[in-house]
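Before any comments, here is the structure.
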Amino acid sequence: MKICYLSAEVEPFAKSGGLGDVMGALPKAVAKLGHEVAVVMPYYKDVIAEKFQSQMQYLGYYYSDVAWRHQYVGVFTMKVNGVDVYFLDNEFYFKGPMYCFADNERFAYFAKASLDLLGWLNFQADVVHCNDWSTGLVPVLYDAFYKHNDFYRDMKFVYTVHNLKYQGWASKGELQDLTGLDDYYFTDDRLMHNGSANMMKGALVFSHAITTVSPTYAQEITTPEYGCGLEGVINTHIGKLHGVLNGVDYKAYNPYYDKLIAKKYGKKSAEEGKLANKLALQEQLGLPIREDVPMLALISRLVDQKGLDLVLDQIHYILQRDVQFVLLGTGDYEEPFRRIGEEYPTKVSANLTFNNKLAHQIYAAADFVLVPSLFEPCGLTQIIGLKYGAVPIVRETGGLKDTVFSYNEKTKKGNGFSFTNYNAHDFGYTVHRALDFFADKQVFAKIRKRGLACSYSWHRSSRRYLEIYEQVKK
């Protein structure tokens, strides 16, 4: 098949979260299975590293008619891991940060320019795979302007919801001005939702298949609790909804090969390797150098979704125990975690930054990784933690529920610890329970070993996506 992926962010060029990770890994995995793959993203000159820009080839340019606007589209490309990546250049839209106040206009432009690119390249895709609200207009514009064109007629559109919370809202007048769509598309069964135009809703309606990034999240978003107001739309189109668990690139995240950590290790050498990395990280961060103390890690964007109110409610009780707590992240909760670091200088290291190397070092050193999310479409932290022997402590939601199974004293099974209800008491109890098992070295080693044996690679997930692509082609 010919498959084209459209995304606002793609790792390693530009990334703000899980979407970038997925779009860096899934196309590569699909290409390895013998398919012709293209990826299209904006050319963020101020974001993409110079080392990548210097490798790009300039292919030329064309113009896209975005409603009344006749807009320049420059095209750069480079091949990465068997995948042709195309960067669409227009400084008016893409100079500056990845996301900004003008996102509606710039991503309306990106949607139209991406569809035009397929014709300009003569890339007659079997499937166009769109991601999140920033490409939500693509299936809508296809329906309005392209589906009767011989070149585009047989193309099918798959749309992945990475996070339902961010939907892309605009007034009817604004979106008509940005797209040229007529009144037919601005009804309650198409783009309109609660009196405004909703780009994600448009994609849900006009795509041929909808996917989310874990089976549990696919179930959750059909409910008012997790549906973010779109549960009615999702239930209307339930027949085309699929939950496909994200994978992890185990070349990037594998302690056996990881050049960023103090000592590499595998399943058989995990205990020795974890200890060496713990001692190295304690020295690096200025924590007391002790091999016997359990190390809790929190590697996260510091936003409400991640359950940080639960952590802050319980952290003082947890720190009464003989533990160390290492935080890495930026966001809305930096100040309270900074104060905790100052209050407990011998127990807490609060690293309020984004540092990829330090993240790898923390995974390799930590005994536990905390992911008590309010909601979590998939989550990579717990999957990476399992691979590095950092036992996850999670809330049972979304992909966390699909990948972490709480240790059961009777059956002696489980690869982590979990709690169901979103409340601080249950989170605190689960952390204390996990710490109690850490004291039993034999049991804890078995729990860690089960996590190390888990495999959530893109090889399996990519095959599931291919099944969906084949299904929509029929």
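Going by what's in this entry, would residue 469 be described as assigned to a loop (DSSP other than H, G, I, E, B) and either within 20 Å of residue 374 (Cα to Cα) or within 23 Å of the chain's Cα centre (by Cα) (or both)? So that I can check it myself, show each step before the final result.
Details: assigned to a loop (DSSP other than H, G, I, E, B): no; either within 20 Å of residue 374 (Cα to Cα) or within 23 Å of the chain's Cα centre (by Cα) (or both): yes.
Here the answer is no, as residue 469 does not meet what is asked.
Checking 445, 439, 424 one by one, the residue that is over 29 Å from the mean Cα position of the chain (by Cα), touching a residue at least 60 places away in the same chain (Cβ under 8 Å) and either over 21 Å from residue 383 (Cβ atoms) or surrounded by fewer than 17 Cβ atoms within 10 Å (Cβ to Cβ) (or both) is 445 and no other. Residues considered: 224, 255. Of these, the only one that is within 30 Å of residue 461 (Cα to Cα), in contact with a helix residue (DSSP H, G or I) (Cβ under 7 Å, 6 or more places away or on another chain), without any contact (Cβ under 8 Å) to a residue 24 or more places away in the chain and not basic (Lys, Arg) is 224. Somewhere in the stretch 336-357, is a residue in a loop (DSSP other than H, G, I, E, B), among the small types (Gly, Ala, Ser) and outside the structural domain of residue 242 (by TED's automatic domain parsing)? Among the residues of the stretch 336-357, not one is in a loop (DSSP other than H, G, I, E, B), among the small types (Gly, Ala, Ser) and outside the structural domain of residue 242 (by TED's automatic domain parsing), which makes the answer no.
Return yes when residue 178 is in contact with a Cys (Cβ under 6 Å, 6 or more places away or on another chain) and on the phi < 0 side of the Ramachandran plot and no when it is not.
Considered against the rule, which asks whether it is in contact with a Cys (Cβ under 6 Å, 6 or more places away or on another chain) and on the phi < 0 side of the Ramachandran plot, residue 178 comes out as no.
Within the stretch 351-385, the residues that satisfy the criterion of being over 21 Å from residue 454 (Cα atoms) and of a type in the set (A, V, I, L, M, F, W, C) are 352, 354, 358, 374, 375.
I'd like to know if the stretch 449-463 contains one or more residues that are out of contact with any Asp or Glu (no Cβ under 7 Å at 6 or more places or on another chain) and either on the phi > 0 side of the Ramachandran plot or β-branched (Val, Ile, Thr) (or both).
Taking every residue of the stretch 449-463 in turn, none turns out to be out of contact with any Asp or Glu (no Cβ under 7 Å at 6 or more places or on another chain) and either on the phi > 0 side of the Ramachandran plot or β-branched (Val, Ile, Thr) (or both).
Yes or no: residue 297 at negative phi and in contact with a Lys or Arg (Cβ under 6 Å, 6 or more places away or on another chain)? Spelling it out, it is not the case that residue 297 is at negative phi and in contact with a Lys or Arg (Cβ under 6 Å, 6 or more places away or on another chain). Restricting the search to helices (runs of 4 or more DSSP H) fully inside the stretch 212-315 and requiring at least 2 residues that are within 20 Å of residue 396 (Cβ to Cβ) and of a type outside the set (Lys, Arg) gives 215-220.
If we keep just the residues of the stretch 83-106 that are in contact with a strand residue (DSSP E or B) (Cβ under 6 Å, 6 or more places away or on another chain) and in a helix (DSSP H, G or I), which is farthest from residue 55 (Cα to Cα)? The residue in question is 104. Count of the stretch 190-201 residues, restricted to those that are within 29 Å of the chain's Cα centre (by Cα) and assigned to a loop (DSSP other than H, G, I, E, B), is 3.
Just for the stretch 249-297: of the residues that are touching a His at 6+ places or on another chain (Cβ under 8 Å) and not aromatic (Phe, Trp, Tyr), which one is farthest from residue 388 (Cα to Cα)?
Selected residue: 260.
Residues of the stretch 391-410 include at least one that is assigned by TED's automatic domain parsing to the domain that holds residue 278, part of a loop (DSSP other than H, G, I, E, B), in contact with a helix residue (DSSP H, G or I) (Cβ under 6 Å, 6 or more places away or on another chain) and over 30 Å from residue 30 (Cβ atoms).
Can you find, within the stretch 95-133, the residue that is nearest to the chain's Cα centre (by Cα) among those that are closer than 24 Å to residue 25 by Cβ and of a type in the set (Phe, Trp, Tyr)?
First, pick out the residues of the stretch 95-133 that are closer than 24 Å to residue 25 by Cβ: 97-99, 107, 110-111, 114, 117-118, 121, 123, 125-133.
Right, trim to of a type in the set (Phe, Trp, Tyr) and you get 99, 107, 110, 123, 133.
Values: 99: 16, 107: 19, 110: 21, 123: 27, 133: 14 Å.
Per the criteria, the residue is 133.
Got at least one residue in the stretch 164-184 being touching an Asp or Glu at 6+ places or on another chain (Cβ under 6 Å), in a loop (DSSP other than H, G, I, E, B) and not β-branched (Val, Ile, Thr)?
We begin by selecting, within the stretch 164-184, every residue touching an Asp or Glu at 6+ places or on another chain (Cβ under 6 Å); these are 178.
Among the residues that remain, those that are also in a loop (DSSP other than H, G, I, E, B) are: none.
Within the stretch 164-184, none of the residues are touching an Asp or Glu at 6+ places or on another chain (Cβ under 6 Å), in a loop (DSSP other than H, G, I, E, B) and not β-branched (Val, Ile, Thr).
Just to be sure before I move on: is residue 44 hydroxyl-bearing (Ser, Thr, Tyr), surrounded by fewer than 24 Cβ atoms within 10 Å (Cβ to Cβ) and either outside any strand (DSSP E or B) or in contact (Cβ under 8 Å) with a residue 60 or more places away in the chain (or both) in the structure I sent? Explain how you work it out, then say what you get.
Values: hydroxyl-bearing (Ser, Thr, Tyr): yes; surrounded by fewer than 24 Cβ atoms within 10 Å (Cβ to Cβ): yes; either outside any strand (DSSP E or B) or in contact (Cβ under 8 Å) with a residue 60 or more places away in the chain (or both): yes.
The answer is yes for residue 44.
Checking each residue in the stretch 230-244 for being of a type outside the set (A, V, I, L, M), surrounded by fewer than 20 Cβ atoms within 10 Å (Cβ to Cβ) and touching a strand residue (DSSP E or B) at 6+ places or on another chain (Cβ under 7 Å) picks out 237, 240, 242.
The values are calculated or read from the model by the stated rules, or taken from the named source; none is laboratory data. Just so you know, these numbers come straight off a predicted model, no measurement behind them. Neighbour counts run over all protein chains shown; Cβ positions are idealised from the backbone, glycine included.
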